1. Which residues, counting only those in the range 78-105, are over 28 Å from ASP122 (Cα atoms) and outside any helix (DSSP H, G or I)?
2. When you go through ASP214, ASP209, ASP262 one by one, which is the residue that is of a type in the set (Asp, Glu), more than 23 Å from ILE27 (Cβ to Cβ) and surrounded by 22 or more Cβ atoms within 10 Å (Cβ to Cβ)?
3. Looking at the range 50-84 only, could you name the residues that are touching a residue at least 12 places away in the same chain (Cβ under 8 Å), of a type in the set (Lys, Arg) and out of contact with any helix residue (DSSP H, G or I) (no Cβ under 9 Å at 6 or more places or on another chain)?
4. Considering ALA260, ALA215, ALA229, ALA252, which residue is closer than 23 Å to PRO288 by Cβ and outside any loop (DSSP other than H, G, I, E, B)?
5. Restricting attention to the range 97-128, which residues are surrounded by 23 or more Cβ atoms within 10 Å (Cβ to Cβ), closer than 16 Å to ALA45 by Cα and acidic (Asp, Glu)?
6. Mind checking whether some residue in the range 193-213 is more than 30 Å from ALA33 (Cα to Cα) and either among the acidic types (Asp, Glu) or modelled with pLDDT under 95 (or both)?
7. Output yes when any residue across the range 64-74 is under 29 Å from VAL213 (Cα atoms) and either crowded, with 17+ Cβ neighbours inside 10 Å or at pLDDT 95 or above (or both), and no when none is.
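The values are calculated or read from the model by the stated rules, or taken from the named source; none is laboratory data. This structure is a prediction, so every number in the text was calculated from the model and none was measured. Backbone-built Cβ (ideal geometry, glycine too); neighbour counts: all protein chains shown.
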Amino acid sequence: MTLAGGAGAAPGGGAPGGLGPRVTVVIATRDRADELATTIGHLRALPERPPVIVVDNDSSDGSVDRVRRQWPDVTVVALPRNAGAAARTAGVRRSATPYVAFSDDDSWWAPGALARAADTLDAYPRLGVLAAKVLLGRDGRVDPTCEEMAASPLAATRALPGPPVLGFIACAAVVRRDAYLSAGGFCERLMVGGEEELLAIDLAAAGFDLAYVDAVTAHHHPSPARDRAARGRRIARNRLLISWLRRPTGHAVRATLAAAGDAGRRPVLVGALPALPWALRHRRVVPPDLERALRALEAAPVSR
């Protein structure tokens with residue numbers, strides 16, 4: 001089976017013989033109507049012609065009406081509240097394809113990428129997440145996180161299409177629908193910011209592989225409306241909560257004491273404290289082999 005997604009691939013990354021699309025694109029959005037319109041325009045121009053589902057997190061800028069008016073063939077799910085990253089799960093549930101690709105309202109897939117991703121997932125039935133290469137902005141530089149994934153120190157336990165990873169960039173990931181839903185999808189309590197880590201851990205604990213595949217490409221033009229400081233605080237808060245949700249007690253205690261002892265990180269602990277009882281109720285410590293892999297990642301040098 002080719003991984004090139006060229007001749008023989010039906011529209012939408014479909015199987016040879018016109019058996020229908022294999023990949024649906026799900027976009028979670030909130031109050032970014034103009035950027036969302038740009039993203040949908042790129043997706044509708046793809047040669048694969050994937051089904052597109054927009055899940056709106058209770059926008060107040062007319063996003064829902066604009067999409068319904070401008071693209072009547074795009075499915076719109078209008079949520080009554082902001083569910084953060086968990087909005088993607090509503091889209092996955094509405095999808096009817098074996099694989100789902102995520103886009104944010106400021107990211108889209110390169111032509112041919114979805115067909116190539118579908119071929120790869122067909123070829124590796126235990127692959128739960130395909131993490132794609134992300135090209136940033138107009139100059140198309142590679143996202144530093146992708147460079148880290150390409151240099152993953154993890155050892156594969158079976159054949160994979162690329163380096164094994166325990167994380168991914170949500171706006172450039174293609175998931176196996178059944179695996180995603182069986183793992184519970186993205187956690188609404190974490191909202192947006194580092195939400196990928198918990199899902200990656202849960203998929204790996206369930207026996208699914210995650211791999212970085214450099215040949216599959218997505219474009220990301222980060223929105224100028226992003227509040228980077230707030231996002232950074234959420235990522236740090238979520239990392240602490242995930243320690244209590246999935247990591248051994250010693251690790252979680254050390255992470256908590258480090259936050260308490262560092263004046264600069266103390267707000268992270270304050271932000272996490274209200275959610276700690278919830279985290280303890282949902283605590284499920286990962287198996288030892290997965291914990292060893294997580295520690296190997298934490299010990300790996302980071303080049304930025």
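1. Applying the first criterion (over 28 Å from ASP122 (Cα atoms)) to the range 78-105 yields 78-84.
If the condition is that a residue be over 28 Å from ASP122 (Cα atoms) and outside any helix (DSSP H, G or I), then ALA78, LEU79, PRO80, ARG81, ASN82, ALA83 are the ones that fit.
2. Details: ASP214 fails: surrounded by 22 or more Cβ atoms within 10 Å (Cβ to Cβ); ASP262 fails: surrounded by 22 or more Cβ atoms within 10 Å (Cβ to Cβ).
Answer to the selection: ASP209.
3. ARG81, the sole residue that qualifies.
4. Working: ALA260 fails: closer than 23 Å to PRO288 by Cβ; ALA215 fails: closer than 23 Å to PRO288 by Cβ; ALA229 fails: closer than 23 Å to PRO288 by Cβ.
Residue meeting the stated conditions: ALA252.
5. Within the range 97-128, just ASP105 meets the criteria.
6. Of the residues in the range 193-213, the ones more than 30 Å from ALA33 (Cα to Cα) are 201-213.
This time we only want the ones that are either among the acidic types (Asp, Glu) or modelled with pLDDT under 95 (or both), so: 202, 209.
Scanning the range 193-213 turns up at least one residue that is more than 30 Å from ALA33 (Cα to Cα) and either among the acidic types (Asp, Glu) or modelled with pLDDT under 95 (or both).
7. Just the residues of the range 64-74 that are under 29 Å from VAL213 (Cα atoms), to begin with: 74.
This time we only want the ones that are either crowded, with 17+ Cβ neighbours inside 10 Å or at pLDDT 95 or above (or both), so: 74.
Looking through the range 64-74, at least one residue is under 29 Å from VAL213 (Cα atoms) and either crowded, with 17+ Cβ neighbours inside 10 Å or at pLDDT 95 or above (or both).
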